[in-house]
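The values are calculated or read from the model by the stated rules, or taken from the named source; none is laboratory data. Predicted model, so just to flag it, every value in this text is computed and none were measured. Here Cβ is always computed from backbone atoms with ideal geometry, including for glycine, and neighbour counts include all displayed protein chains. The protein model used for the area step is the full one, side chains on, heavy atoms only, and it has no ligands, DNA or RNA in it. Shrake-Rupley method; radii C 1.70, N 1.55, O 1.52, S 1.80 Å.
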Amino acid sequence: MAVNPTIRLQSGATLDFRNPRSSDFTIDDIAHGLSNICRYAGQCNYFYSVAEHSLFVSEMAAPTLKLVALMHDAAEAFVGDVSAPLKQLLPEYRRIEATVQGAILARFGLPEVMPN
């Protein structure tokens, strides 16, 4: 039996991985997801969420880049946090992650190419 590539979000909305731009995700869905995902595949001495990491990055960013910095890992709210070494072996995952990230950035009026 085929399963649609969708997930139900905490808000009750559905995210369609084939067309994430058409999905009704919210900033609360992103915050909820990121706060429940541990970085480094959970291989750290204490629970260190992607949300916490995103806040630290935004605090270090220039004032004009704080929102972009905060959202730099936003796609992980929906695709999970895959460690960088494993991600190198998963080109299709990286494509999906980039598509979801692009949808999130577009939703919030942020540039799809992250400034350095």
Cα-projected label distance for GLU112 with LEU55, points at 7 Å along beta-carbon direction, nm | 3.1 nm
Under-5 Å amide H pairs with THR14, H placed in peptide plane, nonlocal only | LEU9, ASP24
Between the DSSP loop rule and a limit of at most 10 other Cβ atoms within 10 Å, which chymotrypsin sites (Phe, Trp or Tyr not before Pro) in the range 16-116 are left?
-> TYR46
The chain: relative contact order as a whole-number percent, Cα under 8 Å and 6+ apart = 22 percent
Neighbour net charge for GLU52 - beta-carbon separation under 13 angstrom, K R +1, D E -1 | -3
Filter the trypsin sites (Lys or Arg not before Pro) in the range 1-45 down to the DSSP loop ones having no more than 15 other Cβ atoms within 10 Å, then list what survives.
-> ARG18
Before rounding to the nearest 500, sum -39500 (n - 2.57) across all DSSP H runs of length at least 4 in the chain and divide by the residue total; then give [θ] at 222 nm in deg cm²/dmol.
-> -12000 deg cm²/dmol
Could you do me a favour and compute the accessible area per residue for the chain, 1.4 Å probe, result in Å²?
-> 62 Å²
Quickly work out the ILE7-to-ASP24 label distance, labels modelled 7 Å from Cα along the C-beta direction, and quote it in nm with one decimal.
-> 2.0 nm
Karplus 3J(HN,Hα) series, Hz, for the range 31-45 with 6.51 cos²θ - 1.76 cosθ + 1.60 (x for Gly, Pro) | 4, 4, x, 5, 6, 9, 10, 8, 6, 6, 6, x, 8, 10, 6
Quick one: length gained pulling ALA98 to ASN45 fully straight, 0.36 nm per residue minus the C-alpha distance?
-> 16.2 nm
For the range 17-24, in residue order, the Karplus 3J(HN,Hα) values (coefficients 6.51, -1.76, 1.60; θ = phi - 60°; whole Hz; Gly and Pro = x) are 5, 6, 8, x, 5, 8, 7, 9
Once every Cα of the chain carries one equal point scatterer and solvent is ignored, give the base-10 log of I(q)/I(0) from the Debye formula at q = 0.21 Å⁻¹, two decimals.
-> -1.31
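For the chain, give the percent of accessible area contributed by carbon and sulfur heavy atoms, probe 1.4 Å, rounded to a whole number.
It is 57 percent, rounded to a whole number.
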